[in-house]
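Notes follow once the structure below has been shown.
Bear in mind that the values in this text are calculations on the coordinates, not laboratory data. Here the structure is a predicted model, which means the values were calculated and not measured. Note that we place each Cβ from the backbone using ideal geometry, even for glycine, and neighbour counts take in every protein chain shown.
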Amino acid sequence: MKRKIIAIILLFSFSMSFAKNVANTKLLKDKNVTKTDVILLENGEHLKGEIVKMTKNAFVLLNENNEKVKIKNDDVLLVGFAQELSEQEKYQLGFLDGKRANKKRDIGNAIVGYLLPLTGEALVYMFSLRLPFNSEVLPENVKLINDYYYNNGFRKGARSRAFNAALFGSAVWAIVYLINN
């Protein structure tokens, strides 16, 4: 008799935990559940809605009025996501953080491009491969530092920013060369 009662209790507790997992899964897949992402701008304004697209230079937010709003990356101070990020979104977020983190090195990379025209870009591109530091990324993105896709995006963003700065230095060198000759 005791064995039957224990078996019924175990079966009941197992079925309850299974039902709870099924209910949570259905809740996550339900289209009526609103997902509210938040973008905090540098001027203090915050926008709410669902981020439907992230590009190298901007976010596209579907706001509460179902209007698409494009926000430039330079205007964004903080991004809060309400849902799990896809691999592509992690990559793009890393790319944006990589560009933002490498902003401090623009002058140095431009000088390298100026002093070593045509080869400076290649050197800067090769040696700018690096991983993010906690102090370089937004506090909300620190959890992503060990993510493979985020790190690949960060490296690509940092390299892109470094290469463009070195290219600018080479362009300045070319202008100065053409003016003097």
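Things to note:
- Sorted fewest first by neighbouring Cβ atoms within 10 angstrom, Lys99, Lys72 come out as Lys72, Lys99.
- Listed residues Val79, Asn66, Thr55: farthest to the positive end of the dipole of the stretch 34-83 (Cβ charges): Thr55
- The charge dipole of the stretch 85-181, taken about its Cα centre with unit charges on the Cβ of Lys, Arg, Asp and Glu (plus for the first two, minus for the last two), comes to roughly 120 debye.
- Applying the criteria of a DSSP loop state and at most 12 other Cβ atoms within 10 Å to the GluC sites (Glu not before Pro) of the stretch 43-119 yields Glu45, Glu64, Glu67, Glu84.
- The tail of the calculated P(r) for the stretch 44-181 beyond 21 Å holds 49 percent of all Cα-Cα pairs.
- Measuring r between the beta carbons of Val60 and Leu40 and using R0 = 25 Å, the FRET efficiency lands at 0.90.
- Greater than 24 Å apart at Cα, pairs in Lys48/Lys103; Lys68/Lys104; Lys56/Lys103; Lys56/Lys143: Lys48/Lys103; Lys68/Lys104
- Packing, taken as the mean count of other beta carbons within 10 Å per residue, orders the peptides 156-167, 100-111 from highest to lowest as 156-167, 100-111.
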